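Scroll down for the structure; my scribbles are underneath it.
The values are calculated or read from the model by the stated rules, or taken from the named source; none is laboratory data. Source: prediction; values computed, not measured. Backbone-built Cβ (ideal geometry, glycine too); neighbour counts: all protein chains shown. Note: areas computed on protein heavy atoms with side chains; ligands, DNA, RNA excluded. Shrake-Rupley method; radii C 1.70, N 1.55, O 1.52, S 1.80 Å.
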Amino acid sequence: MTILEVSKIINGKVNNCSLKRKIRNIKFDSKKVKKNDLFICIKGKNKDGHDYIKEAIKNGAVAVITSRKLDNIPNIEVKDTLSALKQLAFYKRNKFLGTVIAVTGSVGKTTTKEMLSNVLKTKYNVISNEGSKNNIYGLSETIFKLKKEDILLVEFGMNHTGEIEELSKICRPSISIITNIGSSHIGNLKNKRKIYKAKIEIIKGMNKGKLIVNNDDKYLRKTKLKNIKLIKVGFSGKDIKCNDYKILNDKTEFTVKINNKLENFTLNLPGKHFVNNALLVIATSLNMGIDITDIKSSLKKFVSYDRRYKIYRKNNIILIDDSYNSSYESLKANLKTLNDKSDKLLIVGDILELGKKSKKIHKKVGKLLDIPNSTTIVVGQNMSILKNKYKHFFNSEDVIKYLKTIDLKNKTILVKGSNKIGLDKVSDYIRCQFDIK
């Protein structure tokens, strides 16, 4: 694109810059700017992109998109830079001729997206948003990177009603996936019925296409659509159904009926909830024409990544690092994967964004943690409600101090909490102590 083309898309005024000047890419992180990039000055809660204009120019920006009058700096002036970002993302998406697949849900959306990406790459050139960069910024960043890919695979996150609708209308997916409806963000949306309404916004940008849902979820099970084909998967799935499963150490073996034939699959992750993720992936992959043999092989090779149920083994220690995020549902699922006979240390942090439901849900967590052969440490302000039942600390630093006083050998250690609680420091300490890589 050129400066002129961009200015027309965002209805901006060009200052101090040639209209014919070509743009290599569009960035809104000044540190990532390279020669001939266009830098958008986004004002966030804590930082204002206008404060980083000099850094962007120094790194090679050809011009900046700004909502201020600037002297002697090549710029495109607009009323609202965030609106400009969305307009450019929408424009770039409309130029993309490949398939767009979108994933959302309360729990497991990133795991499902990464699992699906691995399978799709056996046949297609795929681009997806990194990790959990699932808001308008992460989405736009991914869209701006589009070149000659076959598939754009994106994850949609949300805190409030209307966010997923906006992302969907920018992306216009042809296949959408909803993993489940849980208690995440219930503090903002009040109840699961409203969370379901927010998640189903994923279809707002779809004309036709397919929506693939987890039929084991009581809210998703009731979904009815007119112009979009609905595919229901799960242990109670109508289109793709899991007949049986068994957990063997760190693996899960399961059987799925596909085209009236029983197919056997293996996952390098233990747990029924991971099978639900895999079923969504299987259904999507089959709809994209992936051979069943390639699906099996890719799922078998898939390994989790840092902080999301990442399992480490060293001698007689098993460390399960799930410190990236937490919800009542995911904690419950994780605890079900633990061996009842093993000596367990549970280090569990606050679940955030629960609002007025926080006290009630953390009390329910207290009952979940009452399992055989376990010692439990709870961490954070919300978890203080359980301090009379379990050992309690307010922060990771104090947890680490305590761990230095006890024997961690021969234990299965689960570390789980919302990201802001910082339990990744606890996992790092344990890995360092026992040289676990």
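Taking every residue in the range 108-119 that is at positive phi and pairing it with any residue that is in a helix (DSSP H, G or I), at least 6 positions away or on another chain, the pairs with Cβ-Cβ distances below 6 Å are GLY108/ASN277. Restricting the first member to the range 148-175 and to residues that are free of Cβ contacts under 8 Å to residues at least 24 places away in the same chain, and the second to residues that are open to solvent by less than 60 Å² (accessible area, probe 1.4 Å), no beta-carbon pair is closer than 8 Å while six or more apart or on different chains. Filtered by the rule that a residue be in contact (Cβ under 8 Å) with a residue 40 or more places away in the chain and in a loop (DSSP other than H, G, I, E, B), the range 30-50 gives CYS41, ILE42.
Checking each residue in the range 129-140 for being crowded, with 22+ Cβ neighbours inside 10 Å and either touching a Gly at 6+ places or on another chain (Cβ under 7 Å) or farther than 12 Å from ARG93 by Cα (or both) picks out ASN129, ASN134.
Scanning the range 352-406 for residues being on the phi < 0 side of the Ramachandran plot, open to solvent by 80 Å² or more (accessible area, probe 1.4 Å) and free of Cβ contacts under 8 Å to residues at least 40 places away in the same chain gives a total of 16.
When the range 240-268 is limited to residues that are among the charged types (D, E, K, R) and under 30 Å from SER342 (Cα atoms), the one that is most open to solvent (accessible area, probe 1.4 Å) turns out to be LYS246.
Screening the candidates LYS314, LYS296 for the property of being modelled with pLDDT of 95 or more and not polar (S, T, N, Q) yields one hit, LYS296. The single condition among (1) part of a loop (DSSP other than H, G, I, E, B); (2) under 16 Å from PHE144 (Cβ atoms) that LEU85 does not satisfy is (1). Scan the range 53-77 for residues that are crowded, with 22+ Cβ neighbours inside 10 Å and in contact with a Ser or Thr (Cβ under 6 Å, 6 or more places away or on another chain) and jot them down. Answer for the range 53-77, where residues must be crowded, with 22+ Cβ neighbours inside 10 Å and in contact with a Ser or Thr (Cβ under 6 Å, 6 or more places away or on another chain): ALA56, ILE65, ASN75, ILE76. Against the list (1) surrounded by fewer than 13 Cβ atoms within 10 Å (Cβ to Cβ); (2) more than 22 Å from PHE90 (Cα to Cα); (3) in contact with a Ser or Thr (Cβ under 7 Å, 6 or more places away or on another chain), the condition LYS22 fails is (2). Just to check your reading of the model, which residue among SER342, SER330, SER297 is crowded, with 18+ Cβ neighbours inside 10 Å and either in contact (Cβ under 8 Å) with a residue 40 or more places away in the chain or not acidic (Asp, Glu) (or both)? Selected residue: SER330, the only one of SER342, SER330, SER297 that is crowded, with 18+ Cβ neighbours inside 10 Å and either in contact (Cβ under 8 Å) with a residue 40 or more places away in the chain or not acidic (Asp, Glu) (or both).
Annotation for the range 228-237: at least one member residue is aromatic (Phe, Trp, Tyr), in contact with a Cys (Cβ under 7 Å, 6 or more places away or on another chain) and modelled with pLDDT of 95 or more.
Which residues, taken from the range 266-285, are without any contact (Cβ under 8 Å) to a residue 40 or more places away in the chain and over 17 Å from ASP244 (Cβ atoms)? Answer for the range 266-285, where residues must be without any contact (Cβ under 8 Å) to a residue 40 or more places away in the chain and over 17 Å from ASP244 (Cβ atoms): just ASN268. For the range 407-422, taking the residues that are out of contact with any helix residue (DSSP H, G or I) (no Cβ under 8 Å at 6 or more places or on another chain) and crowded, with 18+ Cβ neighbours inside 10 Å, the one that is nearest to SER184 (Cα to Cα) is identified as SER418.
Scanning the range 51-76 for residues that are touching a residue at least 60 places away in the same chain (Cβ under 8 Å) and β-branched (Val, Ile, Thr) turns up just one, ILE76. Scanning the range 179-197 for any residue that is more than 24 Å from LYS241 (Cα to Cα), modelled with pLDDT of 95 or more, part of a helix (DSSP H, G or I) and touching a Lys or Arg at 6+ places or on another chain (Cβ under 7 Å) turns up nothing. Where strands (runs of 3 or more DSSP E) sit wholly within the range 281-394, those with at least 3 residues that are out of contact with any helix residue (DSSP H, G or I) (no Cβ under 7 Å at 6 or more places or on another chain) occupy 310-314, 317-322, 344-349, 374-379. Applying the condition of being charged (D, E, K, R) and within 18 Å of SER168 (Cα to Cα) to the range 84-128 and asking which residue is most open to solvent (accessible area, probe 1.4 Å) yields LYS95.
In the range 4-13, is there at least one residue being basic (Lys, Arg), in contact (Cβ under 8 Å) with a residue 60 or more places away in the chain and open to solvent by less than 50 Å² (accessible area, probe 1.4 Å)? Scanning the range 4-13 turns up no residue that is basic (Lys, Arg), in contact (Cβ under 8 Å) with a residue 60 or more places away in the chain and open to solvent by less than 50 Å² (accessible area, probe 1.4 Å). Screening ILE9, ILE65 for residues that are closer than 25 Å to LYS133 by Cβ and either modelled with pLDDT under 95 or part of a helix (DSSP H, G or I) (or both) leaves exactly one candidate, ILE9. Only residues that are touching an Asp or Glu at 6+ places or on another chain (Cβ under 6 Å) and touching a residue at least 24 places away in the same chain (Cβ under 8 Å) were counted in the range 197-232, giving 3. Restricting ASN277, ASN287 to residues that are in contact with a Gly (Cβ under 6 Å, 6 or more places away or on another chain) and closer than 20 Å to VAL119 by Cα narrows the list to ASN277. Only one of the listed residues (ILE181, ILE143, ILE195, ILE202) is open to solvent by less than 30 Å² (accessible area, probe 1.4 Å) and touching a Pro at 6+ places or on another chain (Cβ under 8 Å). That residue is ILE202.
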